[in-house]
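Asks: Dumping the structure here so I can ask a few things about it.
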Amino acid sequence: MSKTLSLALYGALVTLTPIAAQATPPGPVIAGGWAPAGVNDPQVRQAADFAASQLPGGGAIRSVDSASQQVVAGMNYRMELTLADGSRWAVTVYRMLSGQMRLSESTRLASAAPQVAASLRLARNGLQVRRAGTAPIVLSFGIPRAQVLESLRFRPAPQTSTNGECGAGPVDFAQWQDGVSLLFQHDRFGGWVLSGRNTTIGTTDGIRIGTTLAELRKKRGFRLERTTLGHEFTVGAISGIVNGTSARARVTDLWAGLSCAFR
């Protein structure tokens, strides 16, 4: 990724399954429904770590796949977790007003069926997962985070982070070493970024890192302008950067959907 875009997009990209009924916590219950919670919220992570310590084997957490919370006389946290050993659990943790925690519910989820070799493609409105002999799975912007990550389990586990500097509010990231980053807001899939030197993953209409400006100019709806990010282009709902204005200039970065690049 260009240095300017790295700062703007990566550092300043700043645009369930039903579970059994909860055990009633002690003390008077303050009425309140379940509300989404950020999977990287420190309180959620603390509750998830506590749950993992109480589960068979006391394993470490690989990822918190979804989370919601309910205000009671304290707080209930309902989460889906993937542990380091690959097992998946639906859990509810009750945090008392004193700060002590109790694992109220835990259900081991069925292991996913063996994964068939699959590939990822980027689209104007989300992602496509393609498996041999089957129709593509479309992962559109706006669907739940857990659904997206479940469909991408054929890829290595991503690193996760949160950037709270976007004018639209905090954005959660799932980032892979091959340069793919997914953006989530309010536990919904919002956008993607492709950066680095990955030339194997491209868009459904054939744009990838390394595509030449001459090739881009043939795309319907192509536009190019000079911005503080560099030579920025759009093709429909997909945007990116090219490293020059000659016909041989090449794409260095791509993104679509939610973003908050400062210009």
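Asks: For the pair D49 and H186, how long in nm is the line joining their label points, each one 7 Å along Cα→Cβ?
Replies: In this crude label model, D49 to H186 measures out at 3.0 nm.
Asks: Testing the spin-label approximation: label points 7 Å from Cα along Cα→Cβ at R121 and T134. State their distance in nm.
Replies: 1.6
Asks: Continuing with this model, one more query. Give me the number: length gained by fully extending E165 to Q100, i.e. 0.36 nm times residue separation minus the C-alpha to C-alpha distance, one decimal in nm.
Replies: Contour length minus the Cα-Cα distance gives 20.2 nm.
Asks: Could I ask something else about it? Along the principal axes of its C-alpha atoms, what lengths does region 202-263 span, in descending order and rounded to whole Å?
Replies: Principal-axis extents of the Cα atoms in region 202-263, largest first: 27, 24, 19 Å.
Asks: Determine the order of E80, E225 by accessible area, beginning with the largest, at a probe radius of 1.4 Å.
Replies: E225, E80
Asks: How much length would be gained if the chain were fully extended between A157 and T199, taking 0.36 nm per residue of separation minus their Cα-Cα distance, in nm to one decimal?
Replies: Using 0.36 nm per residue and subtracting the Cα-Cα distance, I get 13.1 nm.
Asks: How big, on average over all directions, is the shadow cast by the Cα convex hull of region 162-211, in nm²? The partial results should precede the final answer.
Replies: Values: hull surface 16.8 nm².
Mean shadow area of the hull around the Cα atoms is 4.2 nm².
Asks: Given an 8 Å cut-off on Cα distances and at least 6 residues of separation, report the relative contact order of region 41-109 as a percent. Walk me through the intermediate numbers first.
Replies: On the way: 137 pairs, mean separation 18.0, N = 69.
Relative contact order comes out at 26 percent.
Asks: Dipole of region 100-207, Cα-centred, from +1 at each Lys and Arg C-beta and -1 at each Asp and Glu C-beta, to the nearest 20 debye?
Replies: In total the dipole reaches around 300 debye.
Asks: So, counting K/R as plus one and D/E as minus one, what does the shell of residues with Cβ under 12 Å around A214 add up to?
Replies: Charge balance near A214 sits at +4.
Asks: Here is a further query. Rounded to the nearest 20 Debye, what is the dipole magnitude of region 195-248 about its Cα centre when Lys and Arg each give +1 and Asp and Glu each give -1 at the C-beta?
Replies: Dipole size: approximately 140 debye.
Asks: Please list log₁₀ I(q)/I(0) at q = 0.21 Å⁻¹ for region 126-246, using the Debye equation with identical point scatterers on the alpha-carbon positions.
Replies: -1.35
Asks: Considering the zone a paramagnetic label at R217 would reach in this model (a point 7 Å from Cα along the Cα-to-Cβ line), which residues of region 238-252 have amide N under 14 Å from it?
Replies: Residues 244-250 fall inside that zone.
The values are calculated or read from the model by the stated rules, or taken from the named source; none is laboratory data. Values in this document were obtained by computation on a predicted structure and should not be read as measured data. When we count neighbours, we look across all protein chains shown, and the Cβ atoms used for this are built from the backbone with ideal geometry, even at glycine. Surface accessibility is based on the protein's heavy atoms, side chains included, excluding ligands, DNA and RNA. Shrake-Rupley method; radii C 1.70, N 1.55, O 1.52, S 1.80 Å.
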